[in-house]
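Have a look at the structure below, then the notes.
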Amino acid sequence: MLASNALLKITPGLMIWTLVCFFITFWVLKRYAFGPIQKALDERRERIRRSIEEAEQARNEARRLLEEHRALIGKARGQAEEILAEARKVADAQRERVKEETEADRRRRLEETRRQIEAETHRALEQIRAEVAELTLIAASKVTGKALDDADHRRLIDEAIRELDFSVLEEEVAR
């Protein structure tokens, strides 16, 4: 049964021709096909290796650039903080300067107002003294029934003013 199939039978002539054809085909493939195929495979392998190296270099370059970028961002943040701190210092200094100027202006105005009050007080006291002197002259004329000369007027005015106590008024104004 097994020998009845022609493909399963061993035929020495066919086997020799098959081996001859196989070796000729192998030699032709080795000479003309395997070399260029191997060369193409080697070139492709080299291109892949170079691509991997370039990718690695690009990755390293990207990492380096990322680190530089991060360093620059950190530096920029530091500079921004310095600028903000300087701006805060300037703002505080300006605020303090304005506060001092306002306080100095307030003191100056207060002193000016105090001087004006004192001047008005002295002016009012002088006016009161003049009116008292007038009233004293009128009262003296009525009491004595005669007109006095200028020397008598002066003497009576000075005595009347000395008797009046203006120090109480001056103390009240000074408060």
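So here's what we get for this one:
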| item | result |
| --- | --- |
| Qualifying residue in the range 97-112 (condition: part of a helix (DSSP H, G or I), in contact (Cβ under 8 Å) with a residue 40 or more places away in the chain and either surrounded by 10 or more Cβ atoms within 10 Å (Cβ to Cβ) or more than 34 Å from the chain's Cα centre (by Cα) (or both)) | no |
| In the range 118-149, residue modelled with the lowest pLDDT [restricted to those that are assigned to a helix (DSSP H, G or I) and among the charged types (D, E, K, R)] | Lys142 |
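The values are calculated or read from the model by the stated rules, or taken from the named source; none is laboratory data. From a predicted model like this one, the values you see are computed outputs, not experimental measurements. Because the Cβ atoms are built from the backbone with ideal geometry, glycine has one as well, and the counts that use them run over all protein chains shown.
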